[in-house]
Amino acid sequence: MSNTQTRKADHLRICLEEDVQFRRNSSGFERYRFQHCCLPDLDYDEIDLSTSCLGKSLGAPLLISSMTGGTAQAKQINQRLAVAAQTYGLAMGVGSQRIAIEKPEVADTFAVRSLAPDILLFANLGAVQLNYTYGLAECQRAVDLLEADALILHLNPLQECIQPQGDRNFRGLLTKITDLCGKLPVPVLAKEVGNGISVQMAKQLVEAGVSAIDVAGAGGTSWAKVESERTTDARQRQLGHTFADWGLPTTECLVAIRSLYPDLPLIASGGLRNGLDAAKAIALGADLVGFALPFLRAASESPAAVDDLIQLLYAELTTALFCTGNATPAALRAAAVLQKLA
Ligand SMILES: Cc1cc2nc3c(=O)[nH]c(=O)nc-3n(C[C@H](O)[C@H](O)[C@H](O)COP(=O)(O)O)c2cc1C
């Protein structure tokens, strides 16, 4: 295995076996409560979770967040997730495709389009790679390899700080993102990896031309923790511990960005752990809600576990709609039924 493949394999092992989640900084969903409706004027069976995003129809406003690729285990996980995404009409991202660009023989570990011909599918690269020889050609290759509908550029400065020999030259990236957004024929999205996007940064990214933002806020998987588990360097390990709970909670990013941009396609992820969190995120303005770690753990177990997880998310989301008296995610978003607790 190459160094990058070993890193990808380590990430999967650590995320599956270790405690990698934030402890003292939460996504913030527990600070909100729905107003219960004791007499919904609805038939539960008529509740319709379907929606659309970036021109594609979805069975529900759910996204399997960008995670993996590059190894045999990653291939199996991507394939299981893609089959489920196609069955239920969910959106899906794959992990950073840098390894597939550098080692074309592993491209098939990402290439799930044949299993999921109809889904909203996202390619993925680290934005920082634009400072390390990558340009339009590599971004286009990532999109083509996947037959993706759009490209996600992930922003991960903290992770690069903890990772030994991380790529830490982030200077001038906004100009390169602007250039890419103007030239790539598919939409470009910006996403963090679990430390959140502030409203100020969202403004700069929107002005650069990104078509959508995934806040990927704090409260779920902590990449400072994952990288600190992985390193054998004592100083890097301590650095990771110090920053384990660093970042902007998902709910704070979501509320702030939605209030500035009422119509921007906005994805909420980072620490969502059930369909009630998803319903709260929608009520706070999310068009899609993303889950990473829960899908990773289910997919590493079995296709049936992925199916069970999606059915539970559907049941939780539908129950939240029913018990707030809303027949669709759009109605939930428009209704003022979520209170922030004092
Ligand atoms: C094993 C694993 C690998 C990941 N790799 C990537 C990646 O390559 N690109 C990316 O944008 N995000 C990546 N992420 C971050 C997730 O997409 C997500 O933003 C983050 O884990 C927070 O969501 P969660 O709390 O539901 O896990 C990865 C997450 C996990 C668990």
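In terms of other Cβ atoms within 10 Å, Ser27, Ser50 run from fewest to most in the order Ser50, Ser27. Under Stokes-Einstein, with the Kirkwood radius over Cα pairs as Rh, the value for region 223-313 at 37 °C and 0.692 mPa s is 217 µm²/s. Multiplying the residue separation of Lys56 and Ala305 by 0.36 nm and subtracting their alpha-carbon distance yields 87.0 nm.
Panel order for Phe291, Phe243, by other beta carbons found within 10 Å of each beta carbon, from fewest to most: Phe243, Phe291. Residues whose amide H falls under 5 Å from that of Ile152, counting only those 5 or more places apart or on a different chain, are Ala123, Asn124, Leu125, Leu189, with hydrogens built in the peptide plane. Taken about its Cα centre, region 165-268 carries a charge dipole of about 220 debye when Lys and Arg each add +1 at the Cβ and Asp and Glu each add -1 at the Cβ.
Sorting 279-288, 253-262 by average packing, meaning the other beta carbons within 10 Å per residue, from highest down gives 279-288, 253-262. Taking θ as phi - 60° and the Karplus parameters 6.51, -1.76 and 1.60, the scalar couplings of region 23-36 work out to 10, 10, 9, 9, 5, x, 5, 5, 7, 10, 9, 6, 6, 6 Hz in sequence order, x denoting glycine and proline.
The protection proxy used here, the mean number of other Cβ atoms lying within 10 Å of each residue, ranks peptides 324-336, 204-216, 28-40 as follows, highest first: 204-216, 324-336, 28-40. Assuming charge only on the beta carbon of Lys and Arg (+1) and of Asp and Glu (-1), the dipole of region 3-340 about its Cα centre is about 1000 debye to the nearest 20. Label sites at Asp233 and Ser259, each approximated as a point 7 angstrom past Cα along Cα to Cβ, lie 4.0 nm apart. In the chain, the DSSP-assigned H stretches of four residues or longer account for a calculated mean residue ellipticity at 222 nm of -13000 deg cm²/dmol, using -39500 (n - 2.57) per stretch and the full residue count as denominator. Using Cβ point charges alone (K and R +1, D and E -1), the dipole size of region 1-113 about the Cα centre works out to roughly 620 debye.
Strictly greater than 38 Å: what percent of every Cα pair in the chain meets that?
Value for the chain: 10 percent of Cα pairs lie more than 38 Å apart.
Computed from phi, the 3J(HN,Hα) profile of region 223-232 under the Karplus parametrisation 6.51, -1.76, 1.60 (θ = phi - 60°) reads 6, 5, 5, 4, 5, 6, 5, 7, 7, 9 Hz, with x in place of Gly and Pro. For the chain, the residue among Asn169, Leu332, Asn274 whose Cα projects farthest onto the positive side of the dipole built from Cβ charges is Asn169.
Computed from backbone phi with θ = phi - 60° and the Karplus coefficients 6.51, -1.76 and 1.60, the 3J(HN,Hα) list for region 124-139 is 8, 9, x, 4, 4, 4, 5, 9, 10, 6, 7, x, 3, 4, 5, 5 Hz; x is used for glycine and proline.
Every read-out reported here was derived from the displayed coordinates using simple, explicitly stated rules and does not represent laboratory data. Computed from a predicted model, the values in this text were never measured in an experiment. Glycine also receives a Cβ, built like all others from the backbone with ideal geometry; neighbour counts cover every protein chain displayed.
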